[in-house]
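What follows is calculated from the coordinates using simple rules that are stated; it is not laboratory data. Because the structure is predicted, anything quoted here is derived from the model rather than measured. Neighbour counts are summed over all protein chains in view; Cβ atoms, including those assigned to glycine, are modelled from backbone coordinates with ideal geometry.
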Amino acid sequence: MSVEGRADVLSEIGKRAHHGGFPPIMIFPEGTTSNSRTLLRFKKGAFSTGYPVQPVLIKFPWQHSDPCWTNHSPPLWIAITEMLCQPFQRAEIIFLPVRRPSKGE
């Protein structure tokens, strides 16, 4: 995405946050999935409006096939096949304390 496109997205997030009438915005601040061992640097979109942010962790306690595909995973078609062959996917959702950005952030 171009720099202008990113600026347009941040502007639209701000408009929707300030004007209301829209459903809550869900943003994945890391911008990608990870290997479940580290937390990646957050992108600024979620924090750009200055409004409180509700961090949520989504953990997949997998047993046979890891649904978090990374560049160290098998080819994508194998990962999708493995997930489709499991009878169900479990997810643990953890709500962290609300983060209220300070004036300088």
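The table for this structure:
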{"quantity": "Gained length - residue 41 relative to residue 17, 0.36 nm times residue gap less alpha-carbon distance", "calculated": "6.4 nm"}
{"quantity": "Ranked list, fewest to most other Cβ atoms within 10 Å of each Cβ, for 49, 81", "calculated": "81, 49"}
{"quantity": "Packing-based exposure ordering (other Cβ within 10 Å, fewest first) of 98, 53", "calculated": "98, 53"}
{"quantity": "Förster radius 25 Å - calculated FRET efficiency between residue 56 and residue 81, Cβ distance, rounded to 0.05", "calculated": "0.30"}
